[in-house]
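Each remark here refers to the structure printed beneath this line.
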Amino acid sequence: MNIIVAVDKNWAIGNRGDLLIRIPNDHKHFREETTEKVVVLGRKTLETFPQGMPLKNRTNIILTHDSEYGVKDAVIVHSVDELLEQLKAYNGEDIYVIGGDSVYRQLLPYCDVAHVTKIDHAYEADAYFPDLDQDPQWEITADSEEQTYFDIAYQFIKYERKK
């Protein structure tokens, strides 16, 4: 299973329920990685999408504790165990955890690959991703050239769980 996330230099991912910055090339990278795949996300993350609707051309699986929650064109699960059972129907390489922070934390132990857009800037934030650079279980296996969006430098880094 994969995780895909954009982080700042402090591994922050969001502030007040929104992304820290919108980088068009990061969104393109996200679309290329996840289209025609399975995305796993929390209810709060889904509600930040346009009209709160699931992503097109993907199987959307929403993890929420709210037993009354329902949304068109998405699979709803209410626990990590229920999610893991649901995911058995899919190839693990085609599953992408896309947030938010509590979903990332709950599912990171089940993931083997992390696609991280590292942004060389520190933002005001209230949501964070675990620092994989400080975790001895993870190693960088690929990285892109540094790119810029206006004056913000960033790069795409692939981490893999050590075998």
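The values are calculated or read from the model by the stated rules, or taken from the named source; none is laboratory data. Here the structure is a predicted model, which is why all the values come from computation and not from measurement. Positions of Cβ are backbone-derived with ideal geometry, glycine not excepted, and every protein chain shown enters the neighbour counts. Only protein heavy atoms, including side chains, enter the accessible area calculation; ligands, DNA and RNA are left aside. Shrake-Rupley method; radii C 1.70, N 1.55, O 1.52, S 1.80 Å.
Only one of the numbered conditions (1) open to solvent by less than 60 Å² (accessible area, probe 1.4 Å); (2) of a type in the set (Gly, Ala, Ser); (3) over 18 Å from Lys9 (Cβ atoms); (4) in contact (Cβ under 8 Å) with a residue 12 or more places away in the chain is not met by Ala127, and that is (3). Can you give me the number of residues within the stretch 131-145 that are open to solvent by 60 Å² or more (accessible area, probe 1.4 Å) and either hydrophobic (A, V, I, L, M, F, W, C) or in contact (Cβ under 8 Å) with a residue 12 or more places away in the chain (or both)? Total satisfying the criteria: 6. As a summary of the residue check, Glu47 satisfies the conditions (1) touching a residue at least 40 places away in the same chain (Cβ under 8 Å); (2) among the acidic types (Asp, Glu); (3) more than 21 Å from Ile119 (Cβ to Cβ) except for the one numbered (1).
Residue count for the stretch 146-161 satisfying the condition of being open to solvent by 100 Å² or more (accessible area, probe 1.4 Å) and touching a strand residue (DSSP E or B) at 6+ places or on another chain (Cβ under 7 Å): 1. Note on the stretch 77-106: residues that are in a helix (DSSP H, G or I) and within 17 Å of Val5 (Cα to Cα) amount to 8.
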